[in-house]
Amino acid sequence: MNFKIDEKNRSFTAEAFLIVMAFWIGSYAYYQMFLIYELKPLYSYLLIVFFTFLWVLYQRVINPARLGPMDDRLKNICLWICLYISWTSITYLYSSQSSIATEALIIALETSALLACFVMLVNNSVRVVELSAVFAILALAGSVMCLWDFFEPTYSTVPGRGAGLYRNPTIAGEVISLAMTAGFMLIPKKVRWIYLAFCGLGVLATFSRASWLSWGVAVIGLAIMGYIAGERKLSRLLMLLFIIMLIALLMFALFFGATESLINELGLQQYMTINTLNRLGIGDEASLGDFSANERRKVLMFSLDMIRNAPYFGNGLGYTKEWPMRVGPHNMYLLQWVEGGLIQIILYISLLLILWIMASSLGKIMLMQFVLNSLFTHNNLEHPAMLLLFAFIIGTRLINPAQSNRLQGDMHTANKLEATVLYRDK
């Protein structure tokens, strides 16, 4: 992809820190350190906050240009963070105010601070490109780890599903599919399909149905934007139709048991459990009728009842961690509405809309993945890796490959017109 970067206002200190933290946070190494050595994630959060504060303060005095463009759209993000903190604090006041609710408030304040820090650190085109490289590496490495974890169970907390260092297969699939898209801008054209296919295998090994869909959305989105479907309109349209049909057939095969004969032929059933087979539509229970899917349906109905009880202001912060259901809502939209009411669901949707306005074409593809996986997870505003991906989406406004290509096309057309005029004058 063609894009311009700002080489004049580089900060090597911020670049080095961001790269290290991106690997540390994005690979979930910090969580492994907590499990093995009891090194609390809070220490990593504090390091990020203190470094960002001191770096911003120093650059404000020495070279404000290194902080990147402080445009109105970036100010909207800062305003959103302030509103989110304010309303979350208010919802705590009419919550149970138990230790669980207090922990939920602390997590909300931590993630708000981290999001603000990541946005400031990524607010430079050079750092956006470097972060893209980190995400590409994380997507490939995560895929390797998930495939290994599927065949040689090591880290995953769910038998028959690969997860790697993420330990949770659903989180692993989400991070890999999003990081794959974020890193796509630096992948050479000749190996783009290999890159997407390999990351797809990694996502497949997690057996997270939401992540399968997220991967499919990413591939179709990249095709629509012309990144993998050719430059001519006709060839792009034909390739797009082929990709959509291919993805549709693949999803049908994965969800409705069409892969059973292939699995038996390859001898993969020895690595799988009843749960993973059911997720493929194999066995007594259909893919969308297994225990996990049935449980989510029950949670959905209970969540809707709780929304009817308190539609405008919700049931208070942390309510879904204390309610009688065995699990959380597994849905960002339900979580926001159940706990914070109509105001909080509007806040979350407004964040997605602000990001859509700010993002480049590549960022919009990632945002569509977030919109989709928000239907299947309630942790998008809790995990630091997701917050870093949000910040990356915001940063993509600084390097818009599609806009760059259009500008190059306009310049080429202008040069041809100028040459024609000069020729006629002669």
Gyration tensor (Cα) of segment 318-376, equivalent ellipsoid semi-axes in angstrom:
26, 13, 6
So what is the 222 nm mean residue ellipticity for the chain from helices alone, if each DSSP H run of at least 4 adds -39500 (n - 2.57) and you divide by all residues, rounding to the nearest 500 deg cm²/dmol?
-23500 deg cm²/dmol
Computed from the mean reciprocal separation of all distinct C-alpha pairs, what Kirkwood hydrodynamic radius does segment 149-270 have, in Å?
15.4
Per q in 0.26 1/Å, what log10 I(q)/I(0) does a Debye calculation on the alpha-carbon atoms of segment 9-67 return?
-1.04
Treating the beta-carbon of each Lys and Arg as +1 and of each Asp and Glu as -1, no other charges, what is the dipole magnitude of segment 289-390 about its Cα centre, to the nearest 20 debye?
140
Rank by packing, highest mean first: peptides 200-209, 315-324, 215-224, 344-353, with packing defined as the count of other Cβ atoms within 10 Å averaged across residues.
200-209, 215-224, 315-324, 344-353
May I ask for the distance between the Cα centers of segment 110-125 and segment 148-180, given as a whole number of Å?
26
Kirkwood hydrodynamic radius, computed over distinct alpha-carbon pairs, for segment 1-108: how many Å, to one decimal?
17.1
Take peptides 270-277, 332-339 and line them up by average Cβ neighbours within 10 Å, highest first, as a rough protection proxy.
332-339, 270-277
Ranking Pro169, Met386, Pro69 by how far each Cα lies towards the positive end of the charge dipole of the chain (+1 on Lys and Arg Cβ, -1 on Asp and Glu Cβ), the top one is Pro69
Can you tell me the Rg and the Dmax, both Å, for the Cα atoms in the chain?
23.0, 85
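Rule-based calculations on the coordinates, nothing more; no lab input. A quick note: this is a predicted structure, and the numbers were derived from the prediction, not measured. Glycine also receives a Cβ, built like all others from the backbone with ideal geometry; neighbour counts cover every protein chain displayed.
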